[in-house]
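Here is the structure we will look at, set down as structure tokens.
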Amino acid sequence: MADLVLQEAAALLGRARRVVVFTGAGMSAESGVPTFRDALTGLWQQFDAQALATPEAFDADPALVWGWYEWRRDAVRRARPNAGHRAVAAIEARVADTVVVTQNVDDLHERAGSAAPVHLHGSLFAPRCSSCAQPAPVPVGAEREPVDGRRITPPGCARCAAPVRPGVVWFGEGLPETALAAAVEAASACDLLVTVGTSGLVYPAAEIPQVAARLGATVIQVNPERTPLDQVAEVNLRGPAARVLPALVEATWGATGPA
Ligand code: BJW
Ligand code: ZN
């Protein structure tokens, strides 16, 4: 990442009054949470998305799907927010009108101090009934052995006894309306959008940076790799989020204390 490019991004961030930080799986990669599409390490290299992340998969084999999500929830519980998550919270602290929009189903933004991230693809920590949508308690995992991805029969809904499902958005499902509306509104009104660690391949979420760019906002991208969002990004900071974002915050406002 060239210093001049970082300085250009810092100047844009320093001038911005309304900021959207739009994040994907790369944001949490350095916390040890795997991405989906990275070569070798991405979840979809190892697991079949059609067999695990669709409503049809849950109908066909709820225990397979529930067990896989229990394993992922367990891994996220053990993960810690990284310096990139903390830098995002620092941006929020500096620019009052900042909205964090995440595709991630982990809770690492919240745990790093972000106030109310908009979760476009739901959360691992919000299971609900697959039939009546009643929220269900999050299974307690702290005192158990690590969950290893085996089949686990999902609990039954307290209201109607149908299987409880993960509170995430699967392929072919609509995004939560309130979250999508909040994200579109923030993207439409911002003057700067910082997109971090997303391949920009999954729609409609991938439209969020495009909406911002179309309506005149500047887009900065943080990603070690090229993505389709290169086309809308005025500045591309090529590097990992946990290194680039703290450097961006420091170049913009000076040292903000220990990362
Ligand atoms: C780093 C890094 C580091 C690495 N630092 N960076 C238009 C065209 C074609 C298809 C469609 C279309 N519109 C809709 C579709 C269908 C589909 C879709 O988009 N398919 C495409 C994949 C082709 N979309 C849907 O089905 C959506 N629903 C829908 O359209 O519904 C219609 C409808 C409306 C009304 C009623 C009913 C239906 C839903 C999409 C749901 C996506 N769900 C998942 C799983 C969530 C649950 C779970 O976690 O299991 O969401 S899939 C997965 O992809 C997950 C992610 O949020 C999402 C995006 O992935 P992300 O975050 O970008 O990760 P990666 O792995 O792709 O990229 C990581 C990036 O990080 C890379 O660029 C790395 O370089 C980078 N990186 N290390 C910074 N250290
Ligand atoms: Zn129910």
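The values are calculated or read from the model by the stated rules, or taken from the named source; none is laboratory data. Source: prediction; values computed, not measured. Using ideal geometry, Cβ is built from the backbone for each residue, glycine included, and neighbour counts are taken over all protein chains shown.
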>> I'm trying to understand the selection: among the residues of segment 36-83, which are under 26 Å from SER130 (Cα atoms), of a type in the set (S, T, N, Q) and surrounded by 16 or more Cβ atoms within 10 Å (Cβ to Cβ)?
In response: THR54
>> Looking only at residues that are in a loop (DSSP other than H, G, I, E, B) and of a type in the set (D, E, K, R) in segment 201-231, which one is farthest from ligand 1 (Cβ to nearest atom)?
In response: ARG226
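Residues in segment 16-37 that are out of contact with any Ser or Thr (no Cβ under 9 Å at 6 or more places or on another chain) and in contact (Cβ under 8 Å) with a residue 60 or more places away in the chain: how many?
Residues meeting the conditions: 4.
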> If we scan segment 203-222, do we find a residue that is touching a strand residue (DSSP E or B) at 6+ places or on another chain (Cβ under 8 Å) and either within 16 Å of ligand 2 (Cβ to nearest atom) or of a type in the set (Phe, Trp, Tyr) (or both)?
Replying inline: no
>> Which count do you get for residues in segment 25-79 that are under 14 Å from the mean Cα position of the chain (by Cα) and among the aliphatic types (A, V, I, L, M)?
In response: 5
>> Going residue by residue through segment 215-224, is there one that turns out to be at pLDDT 95 or above and touching a Pro at 6+ places or on another chain (Cβ under 7 Å)?
In response: yes
> For segment 101-143, which residues satisfy the criterion of being away from ligand 1 (no atom under 15 Å from the Cβ) and within 17 Å of the chain's Cα centre (by Cα)?
Replying inline: GLU110, ARG111, GLY113, SER114, ALA115, ALA116
>> Against the definition (closer than 21 Å to GLU30 by Cβ, surrounded by 16 or more Cβ atoms within 10 Å (Cβ to Cβ) and among the charged types (D, E, K, R)), how does ARG165 come out, yes or no?
In response: no
>> Let me confirm something: among ARG151, ARG159, which residue is within 16 Å of ligand 2 (Cβ to nearest atom), surrounded by fewer than 23 Cβ atoms within 10 Å (Cβ to Cβ) and basic (Lys, Arg)?
In response: ARG159
> Any residue in segment 173-181 that is among the charged types (D, E, K, R), within 16 Å of ligand 2 (Cβ to nearest atom), under 29 Å from ASP74 (Cα atoms) and in contact with a Pro (Cβ under 9 Å, 6 or more places away or on another chain)?
Replying inline: no
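Conditions tested, residue by residue: (1) in a loop (DSSP other than H, G, I, E, B); (2) away from ligand 1 (no atom under 15 Å from the Cβ); (3) aliphatic (A, V, I, L, M); (4) in contact with a helix residue (DSSP H, G or I) (Cβ under 9 Å, 6 or more places away or on another chain).
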{"residue": "VAL164", "(1), (2), (3), (4)": "no, yes, yes, yes"}
{"residue": "ALA183", "(1), (2), (3), (4)": "no, no, yes, yes"}
{"residue": "ALA233", "(1), (2), (3), (4)": "yes, no, yes, yes"}
{"residue": "ASN236", "(1), (2), (3), (4)": "no, no, no, yes"}
{"residue": "ARG243", "(1), (2), (3), (4)": "no, no, no, yes"}
{"residue": "THR252", "(1), (2), (3), (4)": "no, yes, no, yes"}
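For segment 114-138, give me the residue count where each residue is assigned to a loop (DSSP other than H, G, I, E, B) and closer than 19 Å to VAL20 by Cβ.
The number of residues fulfilling the criteria is 6.
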> Among the residues of segment 233-254, is any buried (at least 19 other Cβ atoms within 10 Å of the Cβ) and on the phi > 0 side of the Ramachandran plot?
Replying inline: no
